[in-house]
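Chemist: Here it is: the structure, laid out below.
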Amino acid sequence: MSETKPRISFEFFPPKTDAGTDKLLNEVRPALSGLQPEFFSVTYGAGGSTRDTTLGVVSAIREKDIAVAPHLSFGGSNENAVGDLLDEYKRIGVRRIVALRGDRPSGMGGATLVYANELVEFIRERTGDHFHLEVAAYPEIHPEAKDYDSDVRFLKGKFDAGADSAITQFFYNVESYFYFLDQCAAAGIDKPVYAGIMPLANFANIRRFAGNTGAEIPRWICRRMEGYGDDSDSQYQFGVEVVTQLCQTLLDSGCPGIHFYTMNQVEPTRQIHSNLGL
Ligand code: FAD
């Protein structure tokens, strides 16, 4: 493992129900804050659909001890609406934002979305250096990207616009990440690119999700998981083992830190974190 302590962060989504919110605030958050992450992040629904719930969860989490980073995209909003939200985040003491283009919500058809580099530019123009800006990166390349090089170039564009660091889409091929870092360095990117890691808690869901995001689950993992059939305990244990090994290899090989997509669950993130001895 590298000499400096790796940066650890945990991602949540705004729950749709009161029970989900209660669980997140009173169970998941306290359990994971015990692991002393650098920050929690809270996603923003496609098209801005969770504007108020994202703000609500961010406010609730902000009252406590650990920093929180709302995700943000223009979605269907104009500059005034996004500007107002930035002002509100400033007012409640938020210092980090994950700036995204976002995905198209169903019903938005082929509407034009504002690229993340333009959002980064807008935030910098409006709020200067107030926020640490995180952007998204894709070791296995964004599904809509024209080609590999252009996707890396557009990531460079987000840094040129003022981003401070990036978090990757989830991946299970460690080589894809390190190759991507090399390509980023060759393109002149000198800011950290943190690994986004999705624990393999619910294989069927993650497999579906991976299909939509262009992330690849290696064949050997799929075949092993399929072999367990309905034995969800074995699937779970194997998932913990595989993701622990992935994280260990990343950290041993110089990855600056890990952002866990927790799916609002304490486990298996806590188990993997403990296995890593962080
Ligand atoms: P961009 O960087 O704007 O790139 C989008 C596509 O356009 C890419 O194919 C790129 O190659 C291309 N491109 C980029 N810039 C330009 C340009 N200037 N001109 C032409 N082409 C360009 N989605 C949500 O809806 N809510 C969330 O909270 C959320 N959180 C995420 C967190 C992380 C860490 C990651 C990795 C993804 C997250 N996503 C979220 C998903 C993300 O919004 C989608 O992957 C989306 O399709 C792309 O967003 P982006 O910010 O990477 O877009």
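Bear in mind that the values in this text are calculations on the coordinates, not laboratory data. Fair warning: this is a prediction, and the values are worked out from it, not measured in the lab. When we count neighbours, we look across all protein chains shown, and the Cβ atoms used for this are built from the backbone with ideal geometry, even at glycine.
Chemist: So how far apart, in nm, are the two label points at Asp103 and Glu118 if each is 7 Å from Cα heading toward Cβ?
Modeler: About 2.1 nm separates the two model spin labels.
Chemist: Continuing with the same structure: Please report the base-10 log of the normalised intensity I(q)/I(0) for the stretch 30-89, using a Debye sum with one equal scatterer per alpha carbon and no solvent, at each q in 0.21, 0.23 (1/Å).
Modeler: Log-scaled intensity ratios, in q order: -0.80, -0.91.
Chemist: Let me ask something additional. Cβ under 9 Å from Phe159's Cβ, Phe159 left aside: what net charge do those residues give with Lys, Arg +1 and Asp, Glu -1?
Modeler: Summing Lys and Arg as +1 and Asp and Glu as -1 gives 0.
Chemist: While we're on this one: GluC sites (Glu not before Pro), restricted to the stretch 20-116: which are DSSP loop and have at most 15 other Cβ atoms within 10 Å? All intermediate terms of the calculation are to be shown ahead of the outcome.
Modeler: On the way: sites: Glu27, Glu38, Glu63, Glu79, Glu88; in loops: Glu38, Glu63.
Here the sparse-neighbourhood loop sites are Glu63.
Chemist: Order these by the 10 Å Cβ neighbour count, fewest first: Val152, Val243. Don't skip to the end; give the middle numbers.
Modeler: On the way: Val152 21, Val243 25.
Listing Val152, Val243 from fewest to most nearby Cβ atoms yields Val152, Val243.
Chemist: Something else now. Determine one quarter of the surface area of the Cα convex hull of the chain, which equals its mean projected area, and express it in nm² to one decimal.
Modeler: Its Cα hull, projected and averaged over all orientations, spans 14.5 nm².
Chemist: Right, something else. Report, in deg cm²/dmol and to the nearest 500, the calculated mean residue ellipticity at 222 nm for the chain, where each DSSP H run with n ≥ 4 adds -39500 (n - 2.57) and the sum is divided by the residue count.
Modeler: Computed ellipticity for the chain at 222 nm equals -13500 deg cm²/dmol.
Chemist: In debye, nearest 20, what is the charge dipole magnitude of the chain about its Cα centre with +1 on Lys and Arg Cβ and -1 on Asp and Glu Cβ, if you could check? Could the numbers behind the result be given before it?
Modeler: On the way: 27 positive and 37 negative charges, 49 e Å.
My answer is approximately 240 debye.
Chemist: Of Ile97, Phe171, Pro192, which is farthest on the positive side of the dipole of the stretch 7-275, counting Cα position, with +1 on Lys and Arg Cβ, -1 on Asp and Glu Cβ, and the Cα centre as origin?
Modeler: Farthest towards the positive end: Ile97.
Chemist: Oh, and also: With unit charges on the beta carbons (Lys and Arg positive, Asp and Glu negative) and the dipole taken about the Cα centre of the stretch 215-278, which residue among Ala215, Thr262, Met225 sits farthest to the positive side?
Modeler: Going by the charge dipole, the pick is Ala215.
Chemist: Hey, fewest Cβ within 10 Å first, where do Phe209, Phe40 land in order?
Modeler: Values: Phe209 16, Phe40 26.
Ordered by Cβ neighbours within 10 Å, fewest first: Phe209, Phe40.
Chemist: Further question on the same structure: Using DSSP to define loop residues, name the trypsin sites (Lys or Arg not before Pro) in the stretch 37-70 whose beta-carbon has at most 13 other beta-carbon atoms within 10 Å.
Modeler: On the way: sites: Arg51, Arg62, Lys64; in loops: Lys64.
Counting only loop positions with at most 13 other Cβ atoms within 10 Å, the trypsin sites (Lys or Arg not before Pro) in the stretch 37-70 are Lys64.
Chemist: At a Förster distance of 41 Å, what's the computed FRET efficiency of Ala111 paired with Asp149, Cβ-Cβ distance as r, to 0.05?
Modeler: 0.95
Chemist: If you don't mind, there's one more thing I want to ask. Could you put Lys191, Lys146 in order, starting from the residue whose Cβ has the fewest other Cβ atoms within 10 Å?
Modeler: Fewest to most other Cβ atoms nearby, the residues stand as Lys146, Lys191.
Chemist: Where Lys and Arg each count +1 and Asp and Glu each count -1, what net charge lies around Gly83 among other residues with Cβ under 11 Å from its Cβ?
Modeler: That sum, taken over residues with Cβ under 11 Å, equals -3.
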